[in-house]
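For reference, the structure discussed in these notes is given below.
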Amino acid sequence: MHLQLQALPLKSLSSSQRLFNRTDLQDYFLTFMNERRPTNFDKKVLVWAGRFKKEEDIPKYITSEVLDAARNTVRIKVCYIMIALTLLGCLAMVITGKEAAKRDHTLLRMNEQKKAKWRAEVEKDQEAAAVKPQ
């Protein structure tokens, strides 16, 4: 598409001609600005989103709308994966918590044992301090 620009004074053109010329230029530049060369990551996103079968099938230039749609699709897939992993993590925590409760391995029991150990160490230190000065 060749577009030759001529420097014409805007006053010499009718309003419809000015609008038509401006629209042509806008369409040309918008098309030019809208297309971009995909990066390697963009190619992986396009393939994973299902827009293209292989990276070799991706054209040299793509529109930003195609890339945005592919990114949105991938974003939704990643969200679904994170939801599934969160649910699996919650399920694993519930199962391990119930098994620990059956063994009586609770936080309350662990804290009691830790505090009993600290008390024994303090008493031992106090006895050692009482015996030493004599």
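The values are calculated or read from the model by the stated rules, or taken from the named source; none is laboratory data. Quick caveat: nothing in here was measured; it's all calculated off a predicted structure. A quick note on method: Cβ atoms are made from the backbone with ideal geometry, for glycine too, and the neighbour counts reach across all protein chains shown. Please note that ligands, DNA and RNA were not included when accessible areas were found on the heavy atoms of the full protein model with its side chains. Shrake-Rupley method; radii C 1.70, N 1.55, O 1.52, S 1.80 Å.
Mind ranking Met110, Met82, Met93 by accessible surface for me, highest first, 1.4 Å probe? Write down the numbers at each step before the final one.
Details: Met110 80, Met82 110, Met93 130 Å².
Reading off the accessible areas and sorting them downward yields Met93, Met82, Met110.
What trypsin sites (Lys or Arg not before Pro) does the range 103-134 have in DSSP loop regions with at most 16 other beta carbons within 10 Å? Don't skip to the answer; put the middle values down first.
Details: sites: Arg103, Arg109, Lys114, Lys115, Lys117, Arg119, Lys124; in loops: Arg103.
In loop regions of the range 103-134 (DSSP not H, G, I, E or B), the sparsely surrounded trypsin sites (Lys or Arg not before Pro) are Arg103.
Arrange the peptides 57-64, 95-102 so that the one whose residues have, on average, the most other Cβ atoms within 10 Å appears first. Could you put the intermediate results ahead of the total?
On the way: 57-64: 12.8, 95-102: 10.4.
Most protected by this proxy first, the peptides run 57-64, 95-102.
In a shell of Cβ-Cβ distance under 14 Å around Leu108, excluding Leu108 itself, what net charge do Lys and Arg (+1) and Asp and Glu (-1) give? Present the calculation step by step, with values, prior to reporting the outcome.
Values: positive: Arg103, Arg109, Lys114, Lys115; negative: Asp104, Glu112.
Combined, the nearby Lys, Arg, Asp and Glu give +2.
Cβ under 14 Å from Gly97's Cβ, Gly97 left aside: what net charge do those residues give with Lys, Arg +1 and Asp, Glu -1? Before the final figure, lay out each step's value.
On the way: positive: Lys98, Lys102, Arg103, Arg109; negative: Glu99, Asp104.
Charge balance in the 14 Å sphere: +2.
Rounded to the nearest 20 debye, what is the charge dipole size of the range 27-131 about its Cα centre when +1 sits on each Lys and Arg Cβ and -1 on each Asp and Glu Cβ? Working shown, then result.
Working: 20 positive and 15 negative charges, 58 e Å.
Computed about the Cα centre, the dipole is about 280 debye.
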